[in-house]
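Working notes, beginning with the structure itself.
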Amino acid sequence: MNNREKELIEVAREAIRRRYRNDWQEVGAALRSRDGRIFAGVNLDAYLGRMAVCAEAVALGKLVTEIGEIGIDMIVAVRHPKPSEADQTIAVVSPCGSCRELIFDYDRNARVIVPGKKGPIVESISVLLPNKYTRERNH
């Protein structure tokens, strides 16, 4: 991990440290835009599960709202452990399938920090989402 990757992980960890609520906000995410700006978010849980929004989507929404659709250089998600868990490390987690689709849709060259055998590693979103369904956009 280089310093820029470590910095992104720390931004995601800090976001969830600040906003953690057991069973409500448990995942933080941070992304670096193509122009180098960093955006963070936490998941938004809901009583009706299908209404929940992942942290990666919140961070992406901030990027698009604040500076426009300029692309994702790198993104990471981390999970805060529940109070009852023995290991209280805020660890890097892989994006869910829906987030993989969303990341790819907004930048097919995005890089994603995911758990590896010896610690976090960086993968291309296209490696994490092979054979992605695409459609031609008609404008």
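The values are calculated or read from the model by the stated rules, or taken from the named source; none is laboratory data. Just so it is clear, the model here is predicted, and its values are computed rather than measured. Glycine gets a Cβ as well: all are built from the backbone with ideal geometry, and neighbour counts include every protein chain shown. Heavy atoms of the whole protein, side chains included, go into the accessibility calculation; ligands, DNA and RNA do not. Shrake-Rupley method; radii C 1.70, N 1.55, O 1.52, S 1.80 Å.
State whether the residues of the range 124-132 include one that is open to solvent by 50 Å² or more (accessible area, probe 1.4 Å), touching a Pro at 6+ places or on another chain (Cβ under 9 Å), at pLDDT 95 or above and farther than 24 Å from Gly68 by Cβ.
Restricting attention to the range 124-132, the residues satisfying the condition of being open to solvent by 50 Å² or more (accessible area, probe 1.4 Å) are 126-127, 130-131.
Pick out the ones that are also touching a Pro at 6+ places or on another chain (Cβ under 9 Å) and you get none.
No.
Could you tell me whether any residue of the range 31-44 is open to solvent by 20 Å² or more (accessible area, probe 1.4 Å), in contact (Cβ under 8 Å) with a residue 40 or more places away in the chain, within 16 Å of the chain's Cα centre (by Cα) and under 21 Å from Leu129 (Cα atoms)?
Yes, there is a match, as at least one residue in the range 31-44 is open to solvent by 20 Å² or more (accessible area, probe 1.4 Å), in contact (Cβ under 8 Å) with a residue 40 or more places away in the chain, within 16 Å of the chain's Cα centre (by Cα) and under 21 Å from Leu129 (Cα atoms).
Could you list all residues from the range 33-74 that are out of contact with any Asp or Glu (no Cβ under 6 Å at 6 or more places or on another chain) and assigned to a strand (DSSP E or B)?
If the condition is that a residue be out of contact with any Asp or Glu (no Cβ under 6 Å at 6 or more places or on another chain) and assigned to a strand (DSSP E or B), then Ser33, Ile38, Phe39, Ala40, Gly41, Val42, Leu44, Val53, Asp73, Met74 are the ones that fit.
Looking at the range 1-32, which of its residues are assigned to a helix (DSSP H, G or I) and of a type in the set (Gly, Ala, Ser)?
Narrowing the range 1-32 to residues assigned to a helix (DSSP H, G or I): 3-19.
Selection gives Ala12, Ala15.
Could you please find all residues in the range 2-24 being without any contact (Cβ under 8 Å) to a residue 60 or more places away in the chain and over 15 Å from the mean Cα position of the chain (by Cα)?
Residues of the range 2-24 that are without any contact (Cβ under 8 Å) to a residue 60 or more places away in the chain, as a first pass: 2-3, 6-7, 10-11, 14-15, 18-19, 21, 23-24.
Correct list: Asn2, Asn3, Arg18, Arg19, Arg21, Asp23, Trp24.
Kindly evaluate Ala52 against the criterion of being of a type in the set (Gly, Ala, Ser), without any contact (Cβ under 8 Å) to a residue 24 or more places away in the chain and under 16 Å from Cys99 (Cβ atoms).
Working: of a type in the set (Gly, Ala, Ser): yes; without any contact (Cβ under 8 Å) to a residue 24 or more places away in the chain: yes; under 16 Å from Cys99 (Cβ atoms): yes.
Yes.
Quick test for you: out of Pro83, Pro95, pick the one residue that is surrounded by fewer than 17 Cβ atoms within 10 Å (Cβ to Cβ) and assigned to a loop (DSSP other than H, G, I, E, B). Spell out the reasoning first.
On the way: Pro95 fails: surrounded by fewer than 17 Cβ atoms within 10 Å (Cβ to Cβ).
Pro83 is the lone residue from the list that is surrounded by fewer than 17 Cβ atoms within 10 Å (Cβ to Cβ) and assigned to a loop (DSSP other than H, G, I, E, B).
Suppose the filter is surrounded by fewer than 19 Cβ atoms within 10 Å (Cβ to Cβ), over 16 Å from Ile16 (Cα atoms), in contact with a Gly (Cβ under 9 Å, 6 or more places away or on another chain) and not acidic (Asp, Glu); does Gly61 pass it?
Numbers: surrounded by fewer than 19 Cβ atoms within 10 Å (Cβ to Cβ): yes; over 16 Å from Ile16 (Cα atoms): yes; in contact with a Gly (Cβ under 9 Å, 6 or more places away or on another chain): yes; not acidic (Asp, Glu): yes.
The answer is yes for Gly61.
Has the range 20-28 got at least one residue that is acidic (Asp, Glu), surrounded by fewer than 17 Cβ atoms within 10 Å (Cβ to Cβ) and at pLDDT 95 or above? Full working, then the answer.
To start, the set of residues in the range 20-28 that are acidic (Asp, Glu) comprises 23, 26.
The next check asks that each one be surrounded by fewer than 17 Cβ atoms within 10 Å (Cβ to Cβ); those that pass are 23.
Pick out the ones that are also at pLDDT 95 or above and you get none.
Checked the range 20-28: no residue is acidic (Asp, Glu), surrounded by fewer than 17 Cβ atoms within 10 Å (Cβ to Cβ) and at pLDDT 95 or above.
Within the range 98-120, track down each residue that is under 17 Å from Ser33 (Cα atoms) and assigned to a helix (DSSP H, G or I).
Filtering the range 98-120 for residues under 17 Å from Ser33 (Cα atoms) gives 99-100, 102-113.
Within the range 98-120, Cys99, Arg100, Leu102, Ile103, Phe104, Asp105, Tyr106 meet the criteria.
Among the candidates Arg135, Arg111, Arg100, which residue alone is open to solvent by 30 Å² or more (accessible area, probe 1.4 Å), within 21 Å of Asn2 (Cβ to Cβ) and not polar (S, T, N, Q)?
Details: Arg135 fails: within 21 Å of Asn2 (Cβ to Cβ); Arg100 fails: within 21 Å of Asn2 (Cβ to Cβ).
The conditions single out Arg111.
Right, Glu123: under 19 Å from Val27 (Cβ atoms), of a type outside the set (Lys, Arg), assigned to a strand (DSSP E or B) and more than 11 Å from the chain's Cα centre (by Cα) or not?
Numbers: under 19 Å from Val27 (Cβ atoms): yes; of a type outside the set (Lys, Arg): yes; assigned to a strand (DSSP E or B): yes; more than 11 Å from the chain's Cα centre (by Cα): yes.
In short, yes.
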